[in-house]
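Notes follow the structure.
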Amino acid sequence: MVNVHHSGIGMTSQRTRARMIERLREQGIRDEVVLGAMSATPRHIFVEEILASRAYDDLALPINFGQTISSPFIVARMSELLRAGMGLGRVLEVGSGCGYQTAVLARLAREVYSIERIGPLLMRARARLRELRLGNVRLKHGDGLLGLPECAPFDAIMLTAATAHVPSSLLEQLAIGGRMVLPKGSQDQRLCVVERDAEGCVETVFDEVRFVPMLPGVLKG
Ligand code: SAH
């Protein structure tokens, strides 16, 4: 099916996407599986049409409701940290936003659950993911800080909004041997990886980042 709405112009071309992948390599992304997933995922359909020509630039862009789509580098970096060179089983994403990171995760994992608190954002993400015919994704409207206990444990959990601390409810839903990637901190945020083992968990701190804050409760919109 041709998507008339977003078709046309070179920005939709595989060439533009290939340039983005080259740039990610130059920026230090090494995981070819992640680069492959991003190469297979059109990013321009996840942003407003008026911003589509900037979709492959290394920018975070507004997606309404004061939220932003993470830049390609951040999506690549977080995916790389989540995978740690291995295939992913059952993944939970908190903060679906426009659904782009969700679409990339769908190509890296057996199954993906993603929770978003803003109803209208979720509805759009759902439409876009349907367009891409990604059958292994389940989107939920809710407060992601509570996780999804009925589907736990998860082999991997990714938070795409910042929290001051690692949420304990989510840590409980992480499988032994699983890993969580999140932007941690309020003013000064850093990407953080939490690995859970039988004894407890180990936290490793990475790049400085800037994310919107995780907020409690749901918005119907
Ligand atoms: N990966 C997304 C990031 C969007 S920004 C993208 O690239 O589009 C972060 C998202 O987290 C926002 O959509 C925001 O509404 C959502 N969010 C914030 N707090 C949340 C919560 N408690 N539960 C679920 N989603 C939340």
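The values are calculated or read from the model by the stated rules, or taken from the named source; none is laboratory data. Since the model is a prediction, treat every value here as computed from it, not as a measurement. Every residue, glycine as well, gets a Cβ built from its backbone with ideal geometry; the counts of neighbours run over all protein chains shown. These accessible areas exclude ligands, DNA and RNA; they are computed on the full protein's heavy atoms, side chains included. Shrake-Rupley method; radii C 1.70, N 1.55, O 1.52, S 1.80 Å.
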The rounded separation in angstrom of the Cα centers of segment 79-131 and segment 187-207 is 20
Mean Cβ-within-10 Å packing, highest first, puts peptides 139-150, 177-188 in the order 177-188, 139-150
quick shape note, segment 165-221: Cα extents on principal axes in Å, largest first -> 40, 28, 13
Rounded to one decimal in nm, the spacing of the 7 Å Cα→Cβ label points at Glu131 and Asp197 is 4.5
Label model pair Arg25, Phe65: point-to-point distance (7 angstrom along the Cα→beta-carbon line) in nm is 3.7
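Can you give the direction-averaged projected area of the convex hull of the alpha-carbon atoms in the chain, in nm²? It would help to have the intermediate numbers written out before the result.
On the way: hull surface 45.8 nm².
Seen from a random direction, the Cα hull of the chain projects 11.4 nm² on average.
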GNM of the chain, Cα pairs under 10 angstrom: of Leu51, Leu82, Leu129, the biggest fluctuation goes to Leu51
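When the accessible area of segment 87-217 is split by element with a 1.4 Å probe, what percent falls to carbon and sulfur?
Values: 2900 of 5780 Å².
Ligands and nucleic acids excluded, carbon and sulfur give 50 percent.
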